[in-house]
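Read the figures in this text as sums done on the coordinates, not as results from a lab. Remember, it's a predicted structure, so these values are computed and weren't measured experimentally. Cβ coordinates were reconstructed from backbone atoms using ideal geometry, including for glycine residues, and neighbour counts include every protein chain displayed.
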Amino acid sequence: MPTTLRDCLAAKARDPSLADLIAMVVHTSAEISALVRRGALGEVFGALESQNVQGEVQKKLDVISNDMLLESCGASPALMAMASEEMDDIHPVRDLTPEGGYLLLFDPLDGSSNIDVNVSIGTIFSILPAPRADTPRPAVLADFLQKGRAQVAAGYVVYGPQTTLVLTLGDGVDAFTLDPETGDWLQTGSGVTIPVETKEYAINASNLRHWAPAVRGYIETCLEGETGPRGKNFNMRWIASMVADVHRIMMRGGVFLYPWDAREPDRAGKLRLMYEANPMSMLVEQAGGAAFDGHGPILDAEVNDLHQRISVMLGSRAEVEHLERLHRDA
Ligand code: P6P
């Protein structure tokens, strides 16, 4: 009999209120999955007039899934505040206390540009410890500005042919698949590990002319194949949905790159640190991989802003270490 998510959380989460919060996020993801599956039948397609803090047009389902997470997770007693890609400011839930608690950050629907064309998308979440406050006070933005290494849990739910949760509480990575007949989350992966070597990379190759020399040189040597300096042929995949591209890497290895590029020279990268790169990097490191921002480990990146961007190169450890050497020698 497969292990259920609840049993796994009971065994791995030292704090039952952390298990409760994760269970709430995952339960809501199952509800989001049901909306995604209905697609055009559910009148949730299309874009709104509004833009998010990133300046991106918001899809109806972006905002709907964001509001679903706000409403459901707010009931979790240890949750002090939330932050989301879809909200400019933090969302305080209850006052900080001497006992501490948790801060929840999420990208409610990553890859949402793929919603209307039936390509896998997903929810990414990160859980940070809430500061302890001797005198109760609402959480403030500065409470969120913690390095990725401080996360107590991270995960994503990919809405694809299966609805799958990949989760870490800092003690390895487990995978669970939603049984559409019973609504149960059943364990389908335990101690998930990323192969150290790979022959597969994921990058938006149309940006080649904008990349820094180290990245351009890396891709060009991959393209030279077995007759070139890498001595092996590579394959390329790009789904343009981070949660789907990273899931492939978690399951079979590979390296994912969304590096700095010259289109936005003052911006470190396209992807967001707090609720995309940090949770994915925790999962990747816990699975034996590596995650690099062009200077050092993503999980050690300085945090200055809730919505700051970062350059992302993550996946199979040997391939990321090769990229680190190229950047060091550039
Ligand atoms: P591009 C989706 O919008 C996203 O934030 C990530 O999920 C994805 O990896 C990336 O952007 C795709 O970006 O420039 O290839 O469309």
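Could you work out how much longer the chain between THR3 and ARG209 gets when fully extended? Use 0.36 nm per residue separation minus the Cα distance between them, nm to one decimal. Before the final figure, lay out the partial values.
On the way: separation 206, 0.36 × 206 = 74.16 nm, distance 4.80 nm.
Full extension of this stretch gives 69.4 nm more.
Tabulate in residue order the Karplus-calculated ³J(HN,Hα) for region 295-301, using 6.51 cos²θ - 1.76 cosθ + 1.60 with θ = phi - 60°, rounded to whole Hz; enter x for Gly and Pro.
10, x, x, 4, 5, 9, 5
Given H placed on each backbone N at 1.01 Å, which residues far from ARG267 in sequence or on other chains put an amide H within less than 5 Å of it?
When sequence neighbours closer than 5 places are left aside, there are no close amide H contacts.
With springs only between Cα atoms under 10 Å, which of ILE22, ILE298, ILE203 fluctuates most in a Gaussian network model of the chain?
It is ILE203.
Neighbour counts of other C-beta atoms within 10 Å: give me SER17, SER65, SER241 arranged from fewest to most. Please list the in-between numbers first.
Details: SER17 16, SER65 29, SER241 22.
With the sparsest Cβ surroundings first, the list reads SER17, SER241, SER65.
List nothing, just return the count: lysine pairs in the chain, 8 or more apart or interchain, with Cα separation under 26 Å. Don't skip to the end; give the middle numbers.
On the way: LYS12/LYS147; LYS59/LYS270; LYS60/LYS270; LYS147/LYS270; LYS199/LYS232; LYS199/LYS270.
Eligible lysine pairs with Cα atoms under 26 Å apart amount to 6.
Mind giving me the FRET efficiency for ASP116 and HIS307? R0 is 25 Å, r the Cβ-Cβ distance, nearest 0.05 is fine.
Values: r = 25 Å, r/R0 = 0.99.
Efficiency at R0 = 25 Å is approximately 0.50.
Find how many whole Å separate the alpha carbon centroid of region 218-268 from the alpha carbon centroid of region 159-216.
With region 159-216 and region 218-268 each reduced to a Cα centre, they are spaced 14 Å.
How would you rank 161-167, 324-330, highest first, on the average number of other Cβ atoms within 10 Å across their residues? Mind showing how you got there, number by number?
Details: 161-167: 20.4, 324-330: 13.1.
Ranking the peptides 161-167, 324-330 by packing returns 161-167, 324-330.
Calculate one ³J(HN,Hα) per residue across region 277-286 by plugging θ = phi - 60° into the Karplus curve 6.51 cos²θ - 1.76 cosθ + 1.60, and present them in order as whole Hz with x for glycine and proline.
5, 5, x, 5, 5, 5, 4, 5, 5, 5
Under 5 Å between amide hydrogens, which residues at least 5 positions from VAL255 or on another chain qualify, with H placed 1.01 Å from N in the peptide plane?
Amide H neighbours of VAL255, under 5 Å, 5+ apart: GLU200, TYR201, ALA202, SER316.
Collect residues whose amide H, placed 1.01 Å from N in the peptide plane, falls under 5 Å from the amide H of GLY189; neighbours closer than 5 in sequence don't count.
HN-HN under 5 Å from GLY189: ALA175.
Please determine, in degrees from 0 to 90 and to the nearest 10, the orientation of helix 16-38 with respect to the longest principal axis defined by the Cα atoms of the chain, where the helix direction is its Cα long axis.
Once rounded, one gets 70 degrees.
In degrees, nearest 10, range 0 to 90: what is the angle between the Cα axis of helix 242-252 and the longest Cα principal axis of the chain?
Taking the Cα atoms of the chain, the angle to 242-252 is about 70 degrees.
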